[in-house]
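This report concerns only the one structure given below.
Quick note: the coordinates plus some simple rules give every number you see, no bench work behind them. Not measured: the values here are computed from a predicted model. Here the Cβ positions follow ideal geometry from the backbone for every residue, glycine too, while neighbour counts run over all protein chains shown.
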Amino acid sequence: MQIVVPATTSNLGAGFDAFGLALTLYNRFTVEESDAFAVEIYGEGADRLPTDVNNLFLRAYIRACQELGVDDRPIRVVQENEIPVGRGLGSSATAILGGILAAVGLNDLKLSEEEILELALLFEGHPDNLVPALVGGFTVSALVGERRVVFERLDFPPELRVVLLVPEFEVLTEEARRVLPSMVSLKDAVFNLQRAALMVAALVNRDFEALRHAAEDRLHQPFRSKLVPGFEVFKEEAYRLGADAAFISGSGSTLAVFTRKNADEIGRRGVEIMKRLGFAARYKVLEADAEGARWAK
Ligand code: HSE
């Protein structure tokens with residue numbers, strides 16, 4: 001059995017811990033029952049992701065089996081990873097959902113999306129990568145209590161390409177959350193509220209000119225920009241080249257751009273900007289994934 005789970009970008013500027021978008025970049029997990037637990041990893045993170053029972057896919061599989069009341073029979077997993085690790089692209093979410101879907105698929109269980117997410121939230125406290133990775137498209141998620149997530153999914157405008165500028169350095173989500181203030185002013189909360197609502201309406205109405213305002217935020221990006229040098233310069237350059245929106249992907253270190261034109265040029269300029277600052281980087285031009293996680297034959 002093969003399970004395919006897309007990368008995701010999250011926050012999208014003002015939608016901190018709420019917005020997410022699935023992307024056409026994937027981690028693939030080939031799973032079979034075996035005599036003992038075993039993991040092989042190829043591609044991104046192959047040099048350092050654990051292959052023992054600390055592996056996140058295996059942990060999610062074992063925990064899901066326990067929660068679902070089925071035997072956690074040993075499995076062998078081959079992970080083919082396209083998604084850079086520790087760069088704000090939801091690679092952990094793919095392993096968590098992959099492990100849960102393996103438990104569901106191998107035991108012929110039927111779980112709703114909400115039930116799958118409830119299990120996934122045992123591993124990751126914020127739903128903004130998990131939800132689009134599971135259902136595809138652009139998603140708005142709200143936590144209700146600790147473990148229930150209510151979400152809405154929208155198709156993402158096909159006109160928009162997503163350019164990712166992926167630096168070589170990583171940013172740990174815990175660290176990127178530590179730099180955030182615990183209190184914000186009403187003025188800043190309103191600033192974000194206006195822009196988050198604007199993002200949803202602009203995507204629905206295909207009002208691409210509004211997106212750059214919708215991607216502005218006062219809750220996280222101003223504090224995190226010091227963890228991702230080059231963000232402000234890259235944003236300015238992307239807009240000069242005609243981009244529609246530029247923001248920090250999740251908690252970084254990847255920078256993301258929505259654009260209808262000059263996608264490669266924006267990516268190339270980003271790599272140059274990072275190089276000038278002393279960092280290697282690469283870029284990818286992607287689209288939105290509409291399907292989300294799936295079992296493949
Ligand atoms: N929304 C989270 C954050 C990252 O910005 O810290 C992904 O869950």
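What the table shows:
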quantity: From phi via Karplus (6.51, -1.76, 1.60), per-residue ³J(HN,Hα) for region 73-85 in Hz, x at Gly/Pro; calculated: 4, x, 10, 10, 10, 10, 9, 10, 9, 9, 8, x, 8
quantity: Sequence-distant aspartates and glutamates (8 or more away, or on other chains) whose Cα lies within less than 15 Å of Lys284; calculated: Glu44, Glu82, Glu168, Asp264, Glu265, Glu272
quantity: FRET efficiency, 1/(1 + (r/R0)^6) with R0 51 Å, evaluated for Asp47 and Ala197 via beta carbons; calculated: 0.75
quantity: Against the rule of thumb 2.2 N^0.38 Å, how large the Cα Rg of the chain comes out; calculated: 0.98
quantity: Using θ = phi - 60° and Karplus 6.51 cos²θ - 1.76 cosθ + 1.60, couplings along region 126-136 (whole Hz; Gly, Pro as x); calculated: 10, x, 6, 8, 4, 5, x, 4, 7, 10, x
quantity: Long pairs among Lys187/Lys226; Lys235/Lys275; Lys226/Lys275; Lys187/Lys235, criterion Cα-Cα beyond 20 Å; calculated: Lys187/Lys226; Lys187/Lys235
quantity: Residue of Glu146, Glu272, Glu82 that the Gaussian network model of the chain assigns the largest fluctuation, springs spanning Cα pairs under 10 Å; calculated: Glu146
